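The values are calculated or read from the model by the stated rules, or taken from the named source; none is laboratory data. Just so it is clear, the structure is predicted and the values come from calculations on it, not from any experiment. Cβ: placed from backbone, ideal geometry, glycine included. Neighbour counts: every protein chain shown. Just the protein is used for accessible areas: all its heavy atoms, side chains included, with ligands, DNA and RNA removed. Shrake-Rupley method; radii C 1.70, N 1.55, O 1.52, S 1.80 Å.
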Amino acid sequence: MSARPSIGSPSDPKRPQGWRRFDSLFARLLLLQILLALLLILVFGALVYMERNKAVARLVGERWAPSLRQAAGWPEPGLSQARPLQYGRQAPPPAMRSLLMGPRMAALVEELERQGVPVQAARITRGADAPMLWLEVAGPSGQRQWLGLNDRALLPNVSRRLLLALLITGLLCVGLSWVFTRRLMRPLQDLRLRMQGYRPGLALAAGASAASTASASTPLLSSPPELQAIESAYQSLLQGLALHEQERALLLAGVSHDLRGPLARIRVAAGLLPDSADTASWRESIVRNTELADRLIGSFLDHVRAGELPLNQSTDLLALARQLLAALPPQPERGPAVQLDLDLPPSASTLLLPASHPLLLERLLANLLDNARVHGLPPVRLRLSCERDEVCIEVSDGGPGLPGPVSELLPAFARGDLARSHPGTGLGLAVVSRVVERMQGRLSFAHEAGRHRVTVRLPLNRG
């Protein structure tokens with residue numbers, strides 16, 4: 001119903017719309033798992049990249065070690081052809097500094113020393129098409145010289161296979177996280193839908209039993225203990241609420257039934273009073289007050305029936321409206337009777353509403369029309385229409401509308417300040433609200449173009 005906030009609405013409407021997407025527990029769990037998976041993938045990828053660079057550096061050192069030894073003056077009898085090297089007298093200024101080059105250069109120097117090349121210092125400069133590695137190498141006599149080698153393998157390079165493997169791993173982690181989070185949140189989602197679909201009195205009217213309750217909670221049997229505890233607490237809450245509703249209904253029905261007998265006897269006794277000028281006013285007051293008490297008791301019974309009567313019949317809403325309008329008492333001082341407007345196909349002679357109850361719909365229409373005729377201004381119109389898969393009932397009048405917020409007038413016995421000057425019980429809108437809620441409809445109020453309009457939309461197909 002539009003007058004009540006729905007379960008799961010954003011807690012802070014001032015937050016940007018983009019951030020509201022992460023308000024759900026599912027989105028937060030999924031995002032946390034994705035971020036954790038990406039962090040692990042990045043750490044794993046960085047370690048693999050560093051180890052790969054170290055392996056490449058060792059291969060470069062093994063490949064260039066014989067040529068470096070020969071150029072430094074060390075004997076290298078097995079070398080048939082040396083690799084081209086450059087010679088320098090002064091230390092070249094370093095031109096490339098990178099954290100990624102540190103582990104690679106350390107591995108390269110370590111491999112060269114293992115191959116018998118005494119490296120004193122190492123620097124990297126930019127070459128024409130590849131970085132130039134300058135090594136200060138000591139010869140047999142202790143002299144030092146700078147030797148430069150040009151090798152593309154020294155460039156930082158990320159393997160395409162490694163990137164593809166990390167990408168596939170990331171996608172798999174995201175997919176598995178989505179499936180796991182979805183499976184974990186499914187029991188909570190089912191519980192939320194059942195809580196949103198609960199209507200007061202619906203379980204009692206349908207004759208719900210413990211077997212149906214157990215079957216409803218079957219999907220949670222394989223869930224974690226925390227979710228099973230939530231389901232158990234919810235079922236206990238439903239049972240307590242159903243017992244409370246049943247006891248309240250029995251109390252109201254019993255009290256109302258027991259009061260009508262004495263009221264009938266009081267009215268009969270008032271009619272037996274002597275017909276004189278002295279007793280006429282007293283008799284009229286007694287009859288008027290007994291009729292008012294009888295209407296109050298009838299409102300109590302209507303409120304009880306609104307939560308008890310089963311929705312297992314098909315009702316012709318058009319015939320019910322015509323019958324109700326024909327039975328309305330005339331109000332000559334307030335203008336013409338209620339006008340009935342139909343927005344139906346010309347060939348439609350009925351307006352069937354399945355899964356309903358005639359008495360509940362009769363009380364719904366009667367209370368809406370009574371509020372419009374008593375608290376509103378003429379002309380009063382009742383409009384019936386069928387839009388897509390729902391029936392629309394609209395009651396409008398020329399009055400100022402509701403005397404207060406809707407949320408304060410829907411509860412039982414709530415009355416506005418202007419309504420206190422008219423006899424009533426404050427149960428009219430409460431009965432309408434309860435019937436609409438049980439039939440999974442929508443109740444809305446509007447004031448446009450000088451007319452107050454109450455609209456009830458009832459679905460034709462309900463799950």
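In table form, for the structure just shown:
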| item | result |
| --- | --- |
| Selection status of Pro310, without any contact (Cβ under 8 Å) to a residue 60 or more places away in the chain and of a type outside the set (Lys, Arg) | no |
| Any strands (runs of 3 or more DSSP E) falling wholly within region 346-461 and containing at least 3 residues that are at pLDDT 85 or above and touching an Asp or Glu at 6+ places or on another chain (Cβ under 8 Å) | 381-387, 451-459 |
| Residue within region 369-388 that is in contact (Cβ under 8 Å) with a residue 24 or more places away in the chain, open to solvent by less than 30 Å² (accessible area, probe 1.4 Å) and of a type in the set (S, T, N, Q) present | yes |
| Condition check for Asp341: acidic (Asp, Glu), assigned to a strand (DSSP E or B) and touching a residue at least 12 places away in the same chain (Cβ under 8 Å) | yes |
| Leading residue by the ranking (modelled with the lowest pLDDT) among those in region 106-124 that are assigned to a helix (DSSP H, G or I) and open to solvent by 40 Å² or more (accessible area, probe 1.4 Å) | Ala106 |
| Tally of residues being of a type outside the set (A, V, I, L, M), within 30 Å of Ala242 (Cα to Cα) and open to solvent by 60 Å² or more (accessible area, probe 1.4 Å) across region 271-307 | 3 |
| The listed residue being of a type outside the set (Val, Ile, Thr), modelled with pLDDT under 85, outside any helix (DSSP H, G or I) and more than 21 Å from Ser141 (Cα to Cα), out of Pro103, Pro94 | Pro94 |
| Listing of helices (runs of 4 or more DSSP H) fully contained in region 132-245 that carry 1 or more residues being under 30 Å from Leu309 (Cβ atoms) and modelled with pLDDT of 75 or more | 160-197 |
| Candidates Val60, Val43, filtered to the one that is open to solvent by less than 50 Å² (accessible area, probe 1.4 Å), modelled with pLDDT of 60 or more and either in a helix (DSSP H, G or I) or among the hydroxyl-bearing types (Ser, Thr, Tyr) (or both) | Val60 |
| Residue among Leu340, Leu325, Leu317 that alone is closer than 20 Å to Glu437 by Cβ, of a type in the set (A, V, I, L, M) and at pLDDT 80 or above | Leu317 |
